[in-house]
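Worksheet: one structure, shown below.
The values are calculated or read from the model by the stated rules, or taken from the named source; none is laboratory data. Small disclaimer: the values here were computed from a predicted structure and weren't measured. Note that we place each Cβ from the backbone using ideal geometry, even for glycine, and neighbour counts take in every protein chain shown.
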Amino acid sequence: MNTSDPSDTVMMGAGDKLHDRQWLEREYQRQLEYHQTLETRIMRSEERRRALIHILHGLNKLNKQLSDQRKAMIHILADYEQDRRGMAQQTVRLDNSRRTLLHILQDSHHSNLRLEESRKAMIHIMTDLKETTEEIKRQEQELREKHEQLVQAGKLATLGELTTGVAHELNNPLNGINLFVGNAIDMVELGLASTEPQHLLQELRNTMQQVGKATSIISHLRTFGRTASARREPILLGFVVHEALMLIQEQLRLRQIEVCLNFPPDEVKVFGSAIQLEQVFLNLLTNARDAMVKSQQKRVTISCTVNEDIVEIRVSDTGTGIPPELERRVFDPFFTTKEVGQGTGLGLSITYGIIRDCGGTIVLENHPGEGATFVIHLPLLQQAEEAVP
């Protein structure tokens, strides 16, 4: 059994306490350093936390900005997509427009070619039209000349038909001249010229009167037979009818045809050619004369009425009329119901043309078995100037 010295024990205890104190001091120092280290770490951690929070705040802010930018980008992308689709559609439309424009340009080119061809064709047409117009004018002039020749031929034919009556009409004044001159010669031979000068003077006056009648007939024949001027002028309608009757009245008298005139008391003026209108009435009177050859009652009536600005002249006969199937042909050239050699068939055709040239109309009112009436309508001359027969 070991025994120890109490002093040793005390020293050992004191040594242990010193050792423990030193350990504690070291441990405290270590703990202090560790605590300082921890505080330093904590401070650094706090700084890092704050920095991290700052960074996180910045990141959140940045994230929000990025989110806004993302949304904006999405809108931009949506707009871009819409614009892209619109551009695609516009590209398609532009391509279609380009194709359409190409077709239009091609059509325009073809149209220009056709237009050029049309222009050339139009030039040819205008040239042909000008030539045709000139040809038509030339033919119209020829037609007018031939119509005038036809009218003249009709007048000469009418004069030929009236020769017998005109010769008889001239025979009356010639017989009178022969009688009065014979009486004057007898008075001179018997020595009565000095004793009865007034009687001789009267015989000579009677002779001159008959010479005047013959001269008037011949002058009228010459005027009527002369080529009529196409110039239209104011004329007295009654005077024209009287002149026509003067040429044909002897033939009407020899055939016992009664002539009835129904004209208004006032002078009726129309615009036309006096000679041509006289030919109209001669043609109508000649037709009436020939239509009444087999009639028991022979009468031709010429009546005139004025209705406002129109003059109506009716020439009626009591002949046999015209067969209904031939009515529409009465104004045709060379158409006649007379026997061969008794008519030219030009009278009514010429009459129709003359009335038409005067701005009027002529129609037939046919009454088979009772007679026929030719109705003429002419414009009434309203001016007050003097009419020229």
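Before moving on, here are some points about what is shown:
- Checked against the criterion of being in contact (Cβ under 8 Å) with a residue 40 or more places away in the chain, surrounded by fewer than 21 Cβ atoms within 10 Å (Cβ to Cβ), over 28 Å from ARG232 (Cβ atoms) and acidic (Asp, Glu), the candidates GLU258, GLU243 yield just one match: GLU258.
- The listed residues are VAL306, VAL270, and the only one of them that is surrounded by 19 or more Cβ atoms within 10 Å (Cβ to Cβ), β-branched (Val, Ile, Thr) and at pLDDT 90 or above turns out to be VAL270.
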